[in-house]
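To keep things clear, I will list the structure first and then write my remarks on it.
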Amino acid sequence: MHPNALLELATELLHRVMRFDSPADGVVSAFFREHRALGARERHTLAETTYNVLRNRLLFQHLAQSGKGEMERRLAILGWQGNEGFLRAALNEQEQHWLEQVKKVDRTSLPEKLRHNLPEWLAEPLHAELGNEFWPLVDSMNQSAALDLRVNTFKAKRDDVQAALAQANIQAVPTPYSPWGLRIDGKPNLAKLDVFTKGEIEVQDEGSQLLALMTDAKRGEMVVDFCAGAGGKTLALGAAMRNTGMLYAFDISGHRLAALKPRLARSGLSNVHPVQIAHERDARVKRLAGKIDRVLVDAPCSGLGTLRRNPDMKWRQSPEAIKELTQKQAAILESAARLVKPGGRLVYATCSLLDEENEAIARAFIEAHGRDFQPLPASEILDKAHVSASQTLVRDEFLRLWPHRHQTDGFFAAAWERR
Ligand SMILES: C[S@@+](CC[C@H](N)C(=O)[O-])C[C@H]1O[C@@H](n2cnc3c(N)ncnc32)[C@H](O)[C@@H]1O
């Protein structure tokens, strides 16, 4: 493809993504389906350029002010993640000159907001919470995430999967905390590997694995994954239950639950029952009141812990949207709590970094239900689950994961036992 044609495609893709009306990964996939002739390297350049612009939006928009022509084209030039010579061949003389000038700007001398590339409403609470660790967090969120796998322990052992991957020239090392995890170097295509087609592995961030470990579902139990989505955690819970007992996967989204089906088929689990509910107070939920051993609420949240993978979230979220989410989170937790039987466990989790979606929800819950629910310290649960260095993963009684500290997405979890 002619260099300028690829740059034009990057420009068009940025136009679409930067409407911020739907998630960037979906927009990129739809764009690739429209342009089937694109080769792997071209797709890589387009996707990585887009993500680089999303990560550095404020900085690039500032730098782009000095250039001429379409804004999105200038942003694509600044964020280019392909061959440099190829890019140069796409630029006219004026653009080449502009780019040379822009490269000379001392970025370290720019105002803070152009260096952290976060909206102010997000930068402020993170700064207040983290102090000196704010900048390491910013750096870690601007890098792409490692590829983590969860070994399906119902079907395979971690060592054996690691050896099978090595045979396929894929180097994997055990994840530092989760006893189920392997971390892979690079982003190899896994879909055709035997270990994948036989259901011995699933792609899952180590932090997500730790949420399933916090739930500690056991053989023969009745378990509810209240917000199961496409079932990342459901599959981990089902494997921990050794395919026994009964695991309900609830969600209001039929298409997310549909995406669970092929994963279930690969996993070899037959103890999972996906149920599409209308809302958290659905009659099918009420029927199970007081009967469930473990309930995981992986609540809908701002997703701000996943900025390494979804940098568009920081531009698509707003304080108003988060406020609405917190009301939903409290309502879902309230309903889900009714399912738990005496002696049973309730886990509330998010992939958000914000106190208001995490500790604040957990504390309000315990304030209202302290008589019925006893907090369980996360470090004790994690120790029992053979998670290494559990003390480094918690704050107060809660699990609190940060990309810059733990090389996972940002996660929160609180656990209680029903008295
Ligand atoms: C964080 S995602 C779940 C991710 C999933 N647990 C996984 O591991 O892949 C939150 C899910 O909550 C679902 N949801 C939103 N409102 C809900 C409600 N009122 N009751 C149950 N699920 C809900 C969303 O459809 C979404 O799939």
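The figures follow:
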read-out	value
Pick from the stretch 360-389, criterion over 29 Å from GLY181 (Cβ atoms) and of a type in the set (A, V, I, L, M), ranking: farthest from the ligand (Cβ to nearest atom)	ILE366
Filter result (within 15 Å of LEU7 (Cα to Cα), in contact (Cβ under 8 Å) with a residue 12 or more places away in the chain and loosely packed, with under 14 Cβ neighbours inside 10 Å) within the stretch 89-106	ALA89
ALA228 more than 20 Å from the chain's Cα centre (by Cα), under 23 Å from GLN329 (Cα atoms) and either more than 13 Å from the ligand (Cβ to nearest atom) or small (Gly, Ala, Ser) (or both)	no
Any chance ALA164 is part of a helix (DSSP H, G or I), more than 15 Å from the ligand (Cβ to nearest atom) and either loosely packed, with under 14 Cβ neighbours inside 10 Å or of a type outside the set (Lys, Arg) (or both)	yes
Extreme residue, farthest from the ligand (Cβ to nearest atom), among residues of the stretch 231-245 that are without any contact (Cβ under 8 Å) to a residue 60 or more places away in the chain and surrounded by fewer than 20 Cβ atoms within 10 Å (Cβ to Cβ)	THR244
Spans of strands (runs of 3 or more DSSP E) in the stretch 246-359 with at least 1 residues within 13 Å of the ligand (Cβ to nearest atom) and under 30 Å from HIS127 (Cα atoms)	292-298, 340-350
Residue within the stretch 203-219 that is closer than 27 Å to ALA145 by Cβ, within 12 Å of the ligand (Cβ to nearest atom) and part of a loop (DSSP other than H, G, I, E, B) present	yes
In the stretch 1-18, the residues that are closer than 15 Å to PHE86 by Cβ and part of a loop (DSSP other than H, G, I, E, B)	MET1, HIS2
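Every read-out reported here was derived from the displayed coordinates using simple, explicitly stated rules and does not represent laboratory data. Quick caveat, the model's predicted, so the values are computed rather than measured. Virtual Cβ from ideal backbone geometry, glycine too; neighbours counted across all protein chains shown.
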